[in-house]
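Engineer: Here's a structure for you.
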Amino acid sequence: MKIWYQLVSSETGMKNFLQATQKLCQDAASPDTQVEVRGTSQGALGDQFRLFWNYDVREIIDNALKVRQTGGYDAFVLANSLDPALVELREIMDIPVVSFMEITCFHACTMGEKFGLIVPNEKMIPRYREIPIGYGLRDRLATVQAIGFSNIRGFDTVFTDSKVGDECVEQVLASARRCIELGAEVVIPAGPHATLLAQRGIHEVDDVPIIDSYRLLSKSAELAVSMHQLTGVHISRKLLYQAPEQEYIDKVAEVRNIP
């Protein structure tokens, strides 16, 4: 089994985060599973602003289309917690597309009634609130709390500087406790701090679980592939994820000058 595991983070500017996530996911994988953690060429440059986010999403779509064209992978994982281009990719991919927030939110619902999210900065709170509400989980979302990383690339330092890492962990745990005060029974770290917590073996605070987000995503991809292999089905082609006809794909590809 081979899994394409797509982060938005820069493969050069966030290499320590990517390497740490690669190790976590590969160590968690079954012996016959290969997880390839990938970033992007530019990375998330101000992804708290939706204008800039549109440019980040395009590279992810391009990577997925290359996977579709060349084959060789059994699942495509959207490992960014904003679930970029999820519907778009499920319309076109012929392998399971597994997404961060969808998996972590619904898994949290199996562990407690209400969950809280910990996100990189305050600007992102409204966007992160929209995502689980869009999944029909308005009544299960207790709160969204932020830590203080306005520049997402600042997260790379937490993997190389133990003092900065300690400060980040303190911020995350403080945010987790705010989530708990507001009714969360499960906490989801949404961002690179999820890797930092897992790397340090921190999986709960005050008897409340903190989801090991990236490894959960990797294991969920394995499950999706296994069920695809067992049943031959990976998606509904009715309504939301209905795929365009090949004739239409060819026409658009010609007009847009894409493969």
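Engineer: Just to check your reading of the model, which residue among Q229, Q246 is farther than 30 Å from Q171 by Cα and modelled with pLDDT of 95 or more?
Structural biologist: Q229
Engineer: Under 9 Å by Cβ, and 6 or more places apart or on different chains, what pairs join a residue from the range 228-257 that is over 15 Å from L86 (Cα atoms) with one that is open to solvent by 80 Å² or more (accessible area, probe 1.4 Å) and at pLDDT 95 or above?
Structural biologist: Partner pairs satisfying both residue conditions: V233/M227.
Engineer: Suppose we filter the range 67-91 for residues that are in contact (Cβ under 8 Å) with a residue 12 or more places away in the chain and open to solvent by 30 Å² or more (accessible area, probe 1.4 Å); how many remain?
Structural biologist: Matching residues across the range 67-91 total 8.
Engineer: What number of residues within the range 201-242 are closer than 22 Å to D94 by Cβ, open to solvent by 40 Å² or more (accessible area, probe 1.4 Å) and small (G, A, S)?
Structural biologist: Looking only at that region, the number is 3.
Engineer: Looking only at the range 156-187, filter to residues that are of a type in the set (G, A, S) and part of a helix (DSSP H, G or I); which one of those is nearest to A108 (Cα to Cα)?
Structural biologist: A176
Let's see how each residue does on (1) of a type outside the set (A, V, I, L, M); (2) under 25 Å from the mean Cα position of the chain (by Cα); (3) part of a helix (DSSP H, G or I):
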position: L216; (1), (2), (3): no, yes, yes
position: A224; (1), (2), (3): no, yes, yes
position: Q229; (1), (2), (3): yes, yes, yes
position: P244; (1), (2), (3): yes, no, no
position: E247; (1), (2), (3): yes, no, yes
position: V255; (1), (2), (3): no, no, yes
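Engineer: Can you tell me which of F155, F159 is within 11 Å of N16 (Cβ to Cβ), aromatic (F, W, Y) and open to solvent by 20 Å² or more (accessible area, probe 1.4 Å)?
Structural biologist: From the options F155, F159, the qualifying one is F159.
Engineer: Taking the residues in the range 141-155 that are under 16 Å from I118 (Cβ atoms) and outside any strand (DSSP E or B) as candidates, determine which candidate is modelled with the highest pLDDT.
Structural biologist: The extreme case among them is I147.
Engineer: Right, here's the next one. Is there any pair with a first residue in the range 5-30 that is over 14 Å from P192 (Cβ atoms) and of a type in the set (A, V, I, L, M) and a second that is open to solvent by less than 40 Å² (accessible area, probe 1.4 Å) and assigned to a helix (DSSP H, G or I) whose Cβ atoms are under 7 Å apart and which are 6 or more apart or on different chains, and what are they?
Structural biologist: A28/S218; A29/S218; A29/E222
Engineer: What residue, of T33, T40, T12, is among the hydroxyl-bearing types (S, T, Y) and modelled with pLDDT of 95 or more?
Structural biologist: Answer to the selection: T33.
Engineer: Here is a check on your reading of the model: is I188 at pLDDT 95 or above and either among the β-branched types (V, I, T) or open to solvent by less than 10 Å² (accessible area, probe 1.4 Å) (or both)?
Structural biologist: The answer is yes for I188.
Engineer: Only residues that are more than 15 Å from L217 (Cβ to Cβ), touching a residue at least 24 places away in the same chain (Cβ under 8 Å), of a type in the set (A, V, I, L, M) and open to solvent by 10 Å² or more (accessible area, probe 1.4 Å): list them for the range 92-130, please.
Structural biologist: Scanning the range 92-130 gives I92, I95, M111.
The values are calculated or read from the model by the stated rules, or taken from the named source; none is laboratory data. Worth saying up front: this structure is predicted, and the values here are computed from it rather than measured. All Cβ positions, even for glycine, are placed from backbone atoms using ideal geometry, and neighbour counts span all protein chains on display. Note: accessible area is taken over every heavy atom of the protein model, side chains too, but ligands, DNA and RNA are not part of it. Shrake-Rupley method; radii C 1.70, N 1.55, O 1.52, S 1.80 Å.
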